[in-house]
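Inspection log for the structure reproduced underneath, given as structure tokens.
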Amino acid sequence: MKQRLVVLTGAGISAESGLKTFRDADGLWEGYNVMDVATPEAWDRNPALVQQFYNERRKQVLNAKPNEAHLMLAKLEEHFDVQIITQNIDDLHERAGSTNITHLHGIITFAQSDKNASLLYPIQGDDIKMGELCELGSQLRPHVVWFGEAVPMIESAAAICEEANLFMLVGTSLAVYPAAGLIDFVPKQVSKYIVDPKIPAVNHYQNVIKIEKSATAGVKEVAKILIENA
């Protein structure tokens, strides 16, 4: 039986495919204030602007390609039961070939009902158009968890972390909750590999191995260690 390797990924892994998937330190995301494009209030205020913003992001995602870090995580399925939990809204893990992926914050290639978030629809092409409705007659919006909304997959993700035999954190600053709290569910005795050019504060956790590198270089290094010790 394969060991369960749980991998939590953040913006740093997608950045190496050319995607800015989250806000900069100044609170801007691709030049927009996140409060104007990533909250339920913004959608109520100006749905056309929010829709346009995510249509543009979706085009970027569809033009991006999985990088070596994504591909290596998919390849690790040959050796481990790899469970990926991602904060990213792109589909690069899927396109790299990973098969067990939990999207904490939704996935931009799907639309959801404005009235019932559990009604999901794959998007044909790059755009959701204003006037495109769900089966309840409500406007379709991006399948993305906005600030101020619940994170429906967080309990499933916590349960996955509790069953980890190995844990890897790639390209996340552990600044966004509730995702940042998932490492607390990983058993204390489990080895925790942290891959980031700027390692977040993790000194209070046990069995931490820090790999202060980019996602592509760091995942490659961790994969080599894990395979050798498997």
Exercise for the section: Please find, within the range 64-80, the residue that is nearest to Val145 (Cα to Cα) out of those that are out of contact with any helix residue (DSSP H, G or I) (no Cβ under 6 Å at 6 or more places or on another chain) and free of Cβ contacts under 8 Å to residues at least 40 places away in the same chain. Expected result: Glu77
Practice task
Give the residue that is nearest to Leu8 (Cα to Cα), with candidates limited to residues of the range 217-230 that are of a type outside the set (Gly, Ala, Ser) and open to solvent by less than 10 Å² (accessible area, probe 1.4 Å).
Solution key: Val219
Problem - Pair list, Cβ under 9 Å, 6 or more apart: the range 40-58 residue closer than 19 Å to Ala150 by Cα and open to solvent by 50 Å² or more (accessible area, probe 1.4 Å), other residue of a type outside the set (Phe, Trp, Tyr) and assigned to a helix (DSSP H, G or I) - result: Glu41/Met35
Completion exercise
Those residues of the range 71-126 which are assigned to a loop (DSSP other than H, G, I, E, B), more than 21 Å from Ser17 (Cα to Cα) and not aliphatic (A, V, I, L, M) amount to His79, Phe80, Asp114, Lys115, Asn116, Ser118, Gln124
Completion exercise
Scanning the range 163-190 for residues that are out of contact with any helix residue (DSSP H, G or I) (no Cβ under 9 Å at 6 or more places or on another chain) and of a type in the set (Gly, Ala, Ser), the one least open to solvent (accessible area, probe 1.4 Å) turns out to be Ala180
Problem - Entirely in the range 1-62, the helices (runs of 4 or more DSSP H) that have 1 or more residues that are touching a helix residue (DSSP H, G or I) at 6+ places or on another chain (Cβ under 6 Å) and modelled with pLDDT under 95 - result: 11-15, 34-37
Handout entry: Ser214 surrounded by fewer than 20 Cβ atoms within 10 Å (Cβ to Cβ) and under 18 Å from the mean Cα position of the chain (by Cα)
Key = no
Handout entry: Single match in Gly31, Gly18 (criterion: touching a Lys or Arg at 6+ places or on another chain (Cβ under 9 Å) and at positive phi)
Key = Gly18
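The values are calculated or read from the model by the stated rules, or taken from the named source; none is laboratory data. Remember, predicted model here, so these are calculated numbers, not experimental data. Every residue, glycine among them, receives a Cβ derived from its backbone with ideal geometry; neighbour counts consider all protein chains shown. All accessible areas refer to the heavy atoms of the entire protein, side chains included, with ligands and DNA or RNA removed. Shrake-Rupley method; radii C 1.70, N 1.55, O 1.52, S 1.80 Å.
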